[in-house]
1. Filter the stretch 383-396 for residues that are open to solvent by 10 Å² or more (accessible area, probe 1.4 Å) and either within 13 Å of the ligand (Cβ to nearest atom) or assigned to a loop (DSSP other than H, G, I, E, B) (or both) and give the result.
2. Hey, can you tell me all the residues within the stretch 215-241 that are within 26 Å of Glu335 (Cβ to Cβ) and assigned to a loop (DSSP other than H, G, I, E, B)?
3. Please enumerate the residues belonging to the stretch 451-468 that are of a type outside the set (A, V, I, L, M, F, W, C) and more than 8 Å from the ligand (Cβ to nearest atom).
4. For the stretch 232-261: of the residues being open to solvent by 50 Å² or more (accessible area, probe 1.4 Å) and of a type in the set (A, V, I, L, M), which is nearest to Tyr504 (Cα to Cα)?
5. Can you go through Lys480, Lys524, Lys493, Lys513 and tell me which one is basic (Lys, Arg) and within 10 Å of the ligand (Cβ to nearest atom)?
6. When only residues in the stretch 477-509 that are assigned to a loop (DSSP other than H, G, I, E, B) and open to solvent by 10 Å² or more (accessible area, probe 1.4 Å) count, which is farthest from Cys567 (Cα to Cα)?
7. Among the candidates Arg367, Arg375, single out the residue that is of a type in the set (D, E, K, R), part of a helix (DSSP H, G or I) and crowded, with 17+ Cβ neighbours inside 10 Å.
8. Name the single residue that is surrounded by the fewest Cβ atoms within 10 Å (Cβ to Cβ) among those in the stretch 149-201 being in a helix (DSSP H, G or I) and in contact with a Leu (Cβ under 8 Å, 6 or more places away or on another chain).
Amino acid sequence: MDVKWARSPRSSADGDDDKRRAPRWGGAVRPSMVLVGFLFTLSLLVLIFGGRWGGSLPSTSPSSSSSSSAVPEVTSHHVVAGGDTGTVPAQKTTIPPKNVSAPAATTLSQDKLLGGLLSAAFDESSCQSRYKSSLYRKPSPFPLSPYLVKKLRKYEARHKKCGPGTKSYRKAIEQLQAGRNVDNSECKYVVWFPCNGLGNRMLTITSTFLYALLSGRVMLVNVHQEQQGLFCEPFPGTSWVLPAGFPEGNPGKLHFDAPESYVNMLKNGVIRGDTPAGALPPYVYLHVEQSRLRLSDNIFCDDDQATLGKFTWMILKSDSYFAPALFLTPMYEKELSRMFPQRESTFHHLGRYLFHPTNKVWGIVQRYYEAYLARADEKIGFQIRIFPEKPVKFENMYDQLTRCIREQRLLPELGEPTAANATADGKVKAVLIASLYPGYYDKIRGLYYENPTKTGEVVAVYQPSHEEKQEYTSNQHNQKALAEIYLLSYCDKIAMSAWSTFGYVAYGFAGVKPWILIRPDWDKEVSQIACVRSTSVEPCLHSPPILGCRAKRDVDVATVKPYIRHCEDVGFGLKIFDN
Ligand code: GDP
């Protein structure tokens, strides 16, 4: 990992310590020895400074009542960080950030399973992030509906019964190869195919999963090499990975004009709404991509869903977070309101349910978090994304970011601290910057390196990597991208570039409403508005479907549905929100 080790002045002492320690993690010195030393020093500092770094460190650790008892547990936590083994219970091993404490009334096991969102049927050590990641965040602001929990457990049972390696799966594949659809098949499938970068993929997997939940299908994902080893299996006792040898879905065939696409089959008279299931082709392709700013293959109508429901096999490729369109499908409306009484928690809950970095990626996340972020009083994430199709000059983007910081008071002002602010002395705000480029980090870090703050707070600035360009097909590049999405999601406040699905995923996991750095108009170089606060923690669907269904009337749903509005960053996009 291309790690920037430079630190702000306030943290230069431990920064130096990190510099010395960092290379040794990959060398001959065992991480456990280094960490015992580090944590011993930390305990001493806590004693000496009366907890200035983390006064609540022992007491906020859910299981520890004294700093001395925390040491061996934390040590073992780090020993297992990068590996695939280790049986230390998650809640005993992590130092939660100072301002995060487990709610007293909930039990640890409930916490670990996010109130029942996660299945208890997994082996903990095989995927540590499943249990540890949430300890780095404040508790979810959105209560979980018991109905959703029931629905997920039911889904898991279905996936186990119909998933790869089962008799049902073999039978369904045989039928697909035989070139026919089957009437009333017990198991139905939706197969997800990848498109675009990691953020887009995570959003489309989530939308596809929501569709599978609503339509009684099993979701299988076609994992290309660049995505291998990123995520743990989300469903117990089975796999979500599409087995090799799946006979359909040649990437060259999955496009707008594909004759197998639902819309083209309808247009060409291959199928009709009343075609019996047994007379349908062996699969249907759903091309749910943005086309001329609209979502192609309009399938979000009851009639279409009734026809699509007859297919055993469905192949789906999408570049869009199409979950809002499911909320607009009349037949799913009631079910969705039971699953998500707070609609804007849709991605938040489903994303936290589905995505868990593998131990390898979690090692990156955990090392970085513990080294730089764990002891900050507040964490602020900035994600700066420059899109090739609408490049913004560095100085314009930097100016916009600093305007946003100033206007929204995201960071303390520069200047000599007043006597009244002396109490803030020693408080640390950690800024995490995610960007493909190093310039924003260099400049912001420089500001707080060279100047004091009026509040007396210390601002420590970090950037885990700067990859320079996106590499959709590089596995290593995607590991870093995933780690950074997670690190951003541990921030208390997030400001992010408009249009970025990378940022959407991070704030959705966090459950915080971000500030969005508005993109300049197409004919302008600068945006007059620096940033606006999002009204919701839901991602934006960039390209709305044409609704009105068979009538093909174009309806602006944002004006008729009380829980849909246009996105702050994409004027014609749609976003779920709660009042
Ligand atoms: P979007 O294009 O911003 O909507 O987000 P995507 O995640 O779909 O695609 C952008 C891709 O570029 C990411 O998946 C990464 O591969 C890369 N990328 C963009 N910004 C960053 C960043 O801040 N850090 C890292 N490591 N990669 C990034």
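1. Arg385, Ile386, Phe387, Pro388, Glu389, Lys390, Pro391, Val392, Lys393
2. Gly216, Arg217, Glu233, Pro234, Phe235, Pro236, Gly237, Thr238, Trp240
3. Scanning the stretch 451-468 gives Asn451, Pro452, Thr453, Lys454, Thr455, Gly456, Glu457, Tyr462, Gln463, Glu468.
4. Here the answer is Val241.
5. Lys480
6. Asp492
7. Exactly one residue qualifies, and that residue is Arg367.
8. Here the answer is Lys151.
The values are calculated or read from the model by the stated rules, or taken from the named source; none is laboratory data. Please read all numbers here as calculations on a predicted model, not as lab measurements. Using ideal geometry, Cβ is built from the backbone for each residue, glycine included, and neighbour counts are taken over all protein chains shown. Surface accessibility is based on the protein's heavy atoms, side chains included, excluding ligands, DNA and RNA. Shrake-Rupley method; radii C 1.70, N 1.55, O 1.52, S 1.80 Å.
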